Amino acid sequence: MAHRDVPPRWDRKMQQRLARGEAAALGELYDRFASLVHGLAHRVVGDEHAADALTRDVFAHVWEHPDAYDPRREPLRTWLATLTSRLAVQRLRTTGTAALARGGPGTTEDLERTVRHASVAARADYIVQSMPAPLRAALELAYFQRRDYHQTAVDLGVTDDEARRRLRLGLQLLATAHDTEAPGAPPRIGGAA
């Protein structure tokens, strides 16, 4: 992401409020981003209870280390997604390593492949969630109806070539974000449940 001189006002104010120890700020942050954090955590670890625990861990980390976030570097949403992915990968790797140590199935290479796959899928899912609503809607239509590029270009107000490029990229992201689903299952745009 390109460096910005002026961070978004809400992000900057939220970081300042958290640094002052305002519990209400943590509540607002939780209300705004808990579903994002939980969805990304679940995407990586694949378990509801572990995702719940990771969601608590992420917000506890934010509360305990409010200065870890620098609003000049990136949006708060992106920072939370990165923190969530990092903690979720650590948890997945730790539980997988413990299972291997107890004689569980698989190898270290299998575990690393699983971790890498989960990380890539979570990142792609985050990108899809962050897309503007018209592009997400066009992707849904393109995915389910094999919509033509011209109509998408009209809807988005871009050239046919730009619509084709965006749809191809978006469809690749959808495939990456949702390829852990059962074969033939439709993608869940907007986050993992």
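Nothing in this text is a laboratory measurement; each read-out follows from the coordinates by a stated rule. Keep in mind it's a predicted model, so treat the numbers as computed, not measured. Note that each Cβ is placed from the backbone with ideal geometry, even for glycine, and that neighbours are counted across all protein chains shown.
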Cα pair distances in the range 1-130, grouped into 10 Å bins until the bin that holds the longest one, percent each: 13, 39, 31, 13, 4, 0
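When ranked by the protection proxy of mean other Cβ atoms within 10 Å per residue, highest first, what sequence do the peptides 65-75, 36-46, 99-109, 50-60 form?
Working: 65-75: 14.8, 36-46: 24.0, 99-109: 9.7, 50-60: 18.8.
Answer by packing, highest mean first, reads 36-46, 50-60, 65-75, 99-109.
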Protection proxy ranking, peptides 13-24, 112-123, average beta carbon neighbours within 10 Å, highest first: 112-123, 13-24
Normalised contact order of the range 1-130, rounded percent, pairs of Cα under 8 Å and 6 or more residues apart: 31 percent
Cα gyration tensor shape of the range 9-49, rounded if a/c is under 1.5, else prolate or oblate by comparing a/b with b/c: prolate
